[in-house]
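First the structure, in the form of structure tokens, and then the observations on it.
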Amino acid sequence: MKNEGEAAKRPDNTAFTQQRLPAWQPILSAGIVIPGFLLIGLAFIGIGIGLFLTSQTIQVWEMDYTGVEKDSPCFRCTILSNQNCTCEVTFSLSTLFTGPVFFYYGLSNYYQNFRKYGVSKDYYQLAGDTGYFKSPEADCAPYAYDSKKNPIVPCGAIANSIFNDTFELYQIINGTKKQVPLDGKGISWWTDYNIKYRNPSPVNGSFAKSFDGTVKPINWPKPAYELDLIDPNNNGFLNQDFLVWMRRAALPQFRKLYRRITDGDYAAGLPAGNYSLKVHYNYPVLSFDGRKKVVFSNVSWMGGKNDFLGIAYLVVGSLCVVMSVVMLVVYAKFKFSDDDDA
Amino acid sequence: MLRRRLNRLCGGDEKRVDSRTIYVGHRPCPDTEAFIPSKFCDNRIVSSKVIVDTPTSPVTSGLPLFFVITVTAIKQGYEDWLRHKADNEVNKYPVTVLEDGRSVKKESEKIKVGDVVEVVEDETFPCDLILLQSSREDGTCFVTTASLDGESNHKTHYTVPDTEKDLQALPATIECEQPQPDLYKFVGRMHIYKPEQEPAVRSLGPENLLLKGATLKNTKKIYGVAVYTGMETKMALNYQGKSQKRSAVEKSINAFLLVYLCILISKAVVCTTLKYVWQSKEGQDEPWYNQKTQKEKDTNMYLKMFTDFLSFMVLFNFIIPVSMYVTVEMQKFLGSFFITWDKDFFDPEIQEGALVNTSDLNEELGQVEYVFTDKTGTLTQNNMEFIECCIDGFQYKHRDTRSELDGFTVTDGPVNKLQQKAGQEKEELFLRALCLCHTVQVKEAGSEVLADQVDGIDGLLLPQPEEERGFIASSPDEIALVRGAMEYGFTFLGLESKSMKIKNRENNIEEYKLLHVLNFDPVRRRMSVIVQTKSGETLLFCKGADSSIFPRVRPEEVDRIRMHVERNATEGYRTLCVAYKQLSAEEYAVADTGLREARLALQDREQKLMAMYNQVETGMSLIGATAVEDRLQEEAAETMEALQGAGMKVWVLTGDKMETAKSTCYACRLFQRGTELLELTVRTLEDGRLKREEKLLELLRDYHRRAVQDAPPVKAGVTRSWSTANQDYGFIIDGATLSLVMNPPREADASQYRSLFLQICQNCTAVLCCRMAPLQKAQIVKMVKNSKGSPITLSIGDGANDVSMILEAHVGIGIKGKEGRQAVRNSDYAIPKLKHLKKLLLAHGHLYYVRIAHLVQYFFYKNLCFILPQFLYQFFCGYSQQPLYDAAYLTMYNICFTSMPILAYSLLEQHISMEILLDNAALYREIANNAMLRWRPFLYWTVLGIFQGLLFFFGVRFLFSNPALQDNGQVFGNWSYGTIVFTVLVFTVTLKLALDTRHWTWINHFVIWGSLAFYVFFSFFWGGIIWPFLKQQRLYFVFANMLSSVSAWLVIIILILLSLLPEILLVVLRKPRGPHSRQKKPSQSNVGGSQSSQSSARPLLMRTFSDESNSVI
């Protein structure tokens, strides 16, 4: 009995309670650190060279078509009264622009990352839940109802401000324009297109009917169910341009994928020559001092052209190598005298 | 009368009345006043507090804050419950109360003022009682107040005269003062009403009052009426209110918090200002794609500014590490278990280990600068032992052999064979003196067996085994001496009707008639008895301190003995000299009449007695000296040495006599041979012709000159110099002088006195304060605590008299000693033995401090680099308060992703192993003065956080200059941006902790790698499902998409490495902490087993560097 009491009161003699758990005490010795730094440095330099070279091979052609200057081709479209204005930008490529070529549009000084702007959408509407068509999310205000109190679908600032310039690309061969086919598929995230966004189920076999009682966003020329009348899979909320727009950009200067050039004669790329880009100029940006541009680019395994990563790897890699050398010198210098002592 | 009654009706105002009337047994008395059952404090001790202490945070951040409050409340509640349980133990203790003629068992807390309480032997009094009846015939009882003032002797208390009748029907009232804390003061009156008589009035003094907490001894039972109960008892009043103690770390936290609060506010202000500057530009405020609602347009601009400011505050509030409080609380709470669990603290004698009463102060154990220790029961065992004696210059020693005896004696024979060195006669005279010259009483042995024999000595009838003979005396020394004499064959059998019986070596009983006892007093510092032998000789035996005996004996005798006395004194023994003289009949007659007259004198009795004593005690002849040891606690000296080695200053605060305390200090090596003692006591003050105050000032100035001005400046970090070049000073002060210093007659001098006193004390290696009242101890602690630099103080004690100082000090340590449990209950930590203090401070305290300091710094750092990118992002999103990270990440960052590794670190880290910490007390100095939480390290961590935050944000910013990061040309959006930054962040701060961890147990591995894995898993999971309860599926597949991008991988890797690079470099290049620590014991460093001793001998690059450069230069 006494022993039991003793056992109960005496603290447990375990490694944990006595703070004697077996422990590894890492010691960064010179023997580990110097080769470690050297290895990391060399690896980084290797990666850096790879990245930098890759980035150099990526071809980019970009052009601002906002039309700020009077002599720029799209200047006349910047006058607000000018509806359905089109302008043509011509350019020439001296070498083959290797395919597949990606066609981006870019905006600057455009704040897609405004907080109020960002929350101004109704996910339930976009997931095809017609229950929310009649009562849009409050965050959508002032793009939730039109002036007649009709609910807007899709509501919110993002949808309302969808980028609506359209482009047609022609190769000019001997004075005649040959249209370059632009592929609008696969420009948005696979998950956005296939899972996250859903169209409402058709009512009585009519897709448009499911939108009954709602109005189109104010700035839209046509309702969501008429975004792509040719391809029903690209219509409504599943319109890829719409999906691309709905994924908000991180920074006020951004580019978004518009089309891919993958088909037909241009699957291998844009051959050298003259090209004409026909712009259906609808999107006003000058009121907030924004700019619009188009970008043609091809991509590599690392994505689009970006020298930053390669340079960063080269710098950090060389830094590591230099430091390991310095440490080696220090170590070697004092190691010998240390041995003498021993 | 009317006023009093009114007050009483008002109830609460009762305290204003300066006296109280108590009805003994609650019986109405035929007094002018009607009996009103008055409201007195009930006999309950309440030390638990109900307030839930919530950490205050300026911003509410929902879940984390709720979490914080809940966890803190649970923790505090648990600790309060423990306190409550301890209180209950006392409050529910069964007591016997006389009620309507019957004894009724009650719980202690139910005692009301006026109850007649029965207390039996060895019980503690449940409340303050006026002694009414004792089982002893002479109306006295013996009490030990060891747990109140540390004096373990037996004190005699007296019943109120004329009450030893039937208590059941005693009509009486007691008028006494309202409760006050002074233990030694009590004034009251008792009216005893007798039928058809004037009420008899008896005055009551402290000798009638039995204090709560004292223990009844040697008296079978007593009855007393309760006058003060519960929180009004003198013991409770001597407790200071248990205030919430805050550690220095918490103060640092608060300072840092203030800085971060400033950062937060300035961030919000900057953003708000810039927002409006930016918006003033044409078209920026309300671009067509993001128009405002009508309501927003109508809002007042200043109101908008204000709400914007608040929004920024909410956005950045995560910079205030709210969850740090939870983690700190958990760390403290869980960490304190390691103290409880430590088996080194387990004492097999009392079958208990250490006890942690509050876990708030763990780290304070690593910051102690001043140690205040009680003497009796803490440094010493309060257990006197007779060591040796010296008779006529020859040394006798009954303990085992020792080699270092001085030249002319070689005594190491067995007990009963004293070498016949000094001559039979001298020896026996000496031993008889020891047997006779004292006030020891023989305890009624076997009182349980002979229950009806209340007093009377049965030693003669029933010869008991001598070892079991119990002695009672006012001083444990006397018992030790009597026991010592017993060892040599002379046994004191007891005092019966003025005759003392001793049994001599031949087992014959000798009887002496006790004629006079010349009592001990601290000024004379000696006592004498005058006895008459059977043969009619009159003898005077005197014993006392050497300084008081030597002048009164023949000088030629002195030299032979002085050597012994001095040697014994330096060994830390308490020495007494014994002298005797034979009185002729005439001499005795003179002395007898003189003494009788003096005793009866009505005026100046004290002085007259003193003069008479001095007159009698002259011309004696010295027969010998004794040495008694107050056994020190185990390893007391080693512990004190270690504490001093660790840079702590040790002060001994005791209620005991100065001589005793001084010898203990010598024995504990607090004072050493070379220590120069500066004494400031009543004795030194009364030497001169000057007034006390003047003398005090003069002495203070003198000591100040010696100890402070003349002393060479103390080198930083070296508090105790082992070289002889530096003079060590020890300072001694007693209670009376201290009160003079603290409360000088002229208020103006107070600050001057105090500062002189403090400066002297701070330059002394050890300070001894004797004759301290409990509250004075607290006063001293308070004074040091509030002195310049507000050093961290620690008090350690075992008795109720130490409670106030335990409560006053930053850290209070209770010793689970013999003197009750009050100290333990009121302490922050309780340990079974003094020796455990060393490990508690040097190992546990050091580690806790390092752990929590790192924890705090790390928390601030990780939240800074968490929120800095979010702040920077505002510059790129039009100052629109757009969060960079998803809400889930914002909430989970501190709660889940980064909290466990630091918690594990802060529980398990041992940057230096415990053995090394214990072996090198000096390591404790490295963390002194809150070294790890000063502004410099804080700045370092802050700069690190800023550096990394900038790196995270701009690294990804440059990557996103082209957001097409996938090989399918698709672009990433803002949530991808945030997720990349967040991933880098989580990995970096976790790996930073991994770099700092010097002690990798499997738990660290599990938690560090586990939480990284958890982050990845959570991100997949969180982004892998369309969550039905979310309004926005922002992170849907963002993480998975990020991982499909090679560029994202590469940027994450390089940013992590780059962020940690300075840290790695620093670890490699930094001079390792405690350079000697690992080198001294190379074998210790392969505890982990994975390191060879070769590499541990010179583990770091810079170690070889620094060591070498030292030797080169």
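What the table below lists for this structure:
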read-out	value
In segment B:933-959, the residues that are β-branched (V, I, T) and either under 24 Å from the mean Cα position of the chain (by Cα) or farther than 22 Å from B:I253 by Cα (or both)	B:V956
Residue in segment B:922-944 that is on the phi > 0 side of the Ramachandran plot, more than 14 Å from every other protein chain (Cβ to nearest Cβ) and surrounded by fewer than 21 Cβ atoms within 10 Å (Cβ to Cβ) present	yes
Residue within segment A:286-294 that is within 8 Å of chain B (Cβ to nearest Cβ) and not in a loop (DSSP other than H, G, I, E, B) present	yes
Scope segment B:154-186; condition modelled with pLDDT under 70 and either within 16 Å of B:E123 (Cα to Cα) or hydrophobic (A, V, I, L, M, F, W, C) (or both); matching residues	B:H154, B:L167, B:A169
Segment B:712-770, residues that are at pLDDT 75 or above and farther than 27 Å from B:E694 by Cβ	B:D728, B:T765, B:A766
Unmet requirement for B:T891, which otherwise passes all of (1) more than 26 Å from B:G973 (Cα to Cα); (2) surrounded by fewer than 19 Cβ atoms within 10 Å (Cβ to Cβ); (3) touching a helix residue (DSSP H, G or I) at 6+ places or on another chain (Cβ under 9 Å)	(1)
Failed item in (1) assigned to a loop (DSSP other than H, G, I, E, B); (2) touching a helix residue (DSSP H, G or I) at 6+ places or on another chain (Cβ under 9 Å); (3) more than 14 Å from chain B (Cβ to nearest Cβ); (4) not aliphatic (A, V, I, L, M), with A:C87 passing the rest	(1)
Those helices (runs of 4 or more DSSP H) lying entirely in segment B:815-932 with at least 1 residues within 33 Å of the chain's Cα centre (by Cα), basic (K, R) and more than 25 Å from B:V943 (Cα to Cα)	B:822-826, B:923-926
Sole residue being out of contact with any His (no Cβ under 6 Å at 6 or more places or on another chain) and assigned to a strand (DSSP E or B), chosen from A:Y193, A:Y170, A:Y225	A:Y170
Answer residue from segment A:155-167, given it is in a loop (DSSP other than H, G, I, E, B) and in contact with a Ser or Thr (Cβ under 9 Å, 6 or more places away or on another chain) and is farthest from the other protein chains (Cβ to nearest Cβ) among those	A:C155
Out of A:K134, A:K185, A:K149, A:K121, sole residue that is within 9 Å of another protein chain (Cβ to nearest Cβ) and either closer than 21 Å to A:R255 by Cα or in a loop (DSSP other than H, G, I, E, B) (or both)	A:K121
Condition check for B:K112: in contact (Cβ under 8 Å) with a residue 40 or more places away in the chain, outside any strand (DSSP E or B), out of contact with any Pro (no Cβ under 6 Å at 6 or more places or on another chain) and more than 30 Å from B:K217 (Cα to Cα)	no
Candidate set: segment B:274-314, residues that are under 19 Å from A:N219 (Cβ atoms) and among the aromatic types (F, W, Y); chosen: the one nearest to the other protein chains (Cβ to nearest Cβ)	B:Y289
Number of the condition not met by A:Q253 [criteria: (1) within 10 Å of chain B (Cβ to nearest Cβ); (2) buried (at least 20 other Cβ atoms within 10 Å of the Cβ)]	(2)
Helices (runs of 4 or more DSSP H) wholly inside segment B:276-371 that include at least 2 residues being surrounded by 19 or more Cβ atoms within 10 Å (Cβ to Cβ)	B:301-316, B:322-341
Verdict on B:L1012 being under 30 Å from A:F52 (Cα atoms), surrounded by fewer than 20 Cβ atoms within 10 Å (Cβ to Cβ) and away from chain A (no Cβ under 11 Å)	no
Number of the exception - B:T737 against (1) part of a helix (DSSP H, G or I); (2) out of contact with any strand residue (DSSP E or B) (no Cβ under 6 Å at 6 or more places or on another chain); (3) over 25 Å from B:N929 (Cα atoms)	(2)
Residue match in segment B:1026-1048 (condition: facing chain A (nearest Cβ under 9 Å), basic (K, R), under 52 Å from the mean Cα position of the chain (by Cα) and on the phi < 0 side of the Ramachandran plot)	no
Residue ranges of helices (runs of 4 or more DSSP H) in segment B:588-692 with at least 3 members within 37 Å of the chain's Cα centre (by Cα)	B:636-645, B:658-667, B:682-685
Options B:S961, B:S1019, B:S976: the member that is more than 9 Å from chain A (Cβ to nearest Cβ) and modelled with pLDDT of 90 or more	B:S1019
Search result, residues across segment A:197-223 that are touching a strand residue (DSSP E or B) at 6+ places or on another chain (Cβ under 8 Å) and not charged (D, E, K, R)	A:S210, A:G213, A:T214, A:V215, A:P217, A:I218, A:P223
Residue within segment B:1050-1069 that is more than 10 Å from chain A (Cβ to nearest Cβ), modelled with pLDDT of 50 or more and surrounded by fewer than 16 Cβ atoms within 10 Å (Cβ to Cβ) present	yes
Selection within segment A:8-39 - farther than 30 Å from B:D344 by Cβ and more than 7 Å from chain B (Cβ to nearest Cβ)	A:G31, A:I32, A:I34, A:P35, A:G36, A:F37, A:L38, A:L39
Condition met for B:E425 (closer than 20 Å to B:F471 by Cα, among the acidic types (D, E) and at pLDDT 50 or above)	no
Odd one out for B:K543, checked against (1) within 23 Å of B:V558 (Cβ to Cβ); (2) without any contact (Cβ under 8 Å) to a residue 60 or more places away in the chain	(2)
Checking A:Y258 against (1) closer than 19 Å to B:F972 by Cβ; (2) in a helix (DSSP H, G or I); (3) more than 7 Å from every other protein chain (Cβ to nearest Cβ); (4) of a type outside the set (S, T, N, Q), the condition it does not meet	(2)
A:N282, sole failed condition from (1) more than 14 Å from chain B (Cβ to nearest Cβ); (2) farther than 17 Å from A:S297 by Cβ; (3) in contact (Cβ under 8 Å) with a residue 12 or more places away in the chain; (4) surrounded by fewer than 18 Cβ atoms within 10 Å (Cβ to Cβ)	(1)
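The values are calculated or read from the model by the stated rules, or taken from the named source; none is laboratory data. Values in this document were obtained by computation on a predicted structure and should not be read as measured data. Cβ sites come from the backbone with ideal geometry, for glycine too, and all protein chains shown count toward neighbours.
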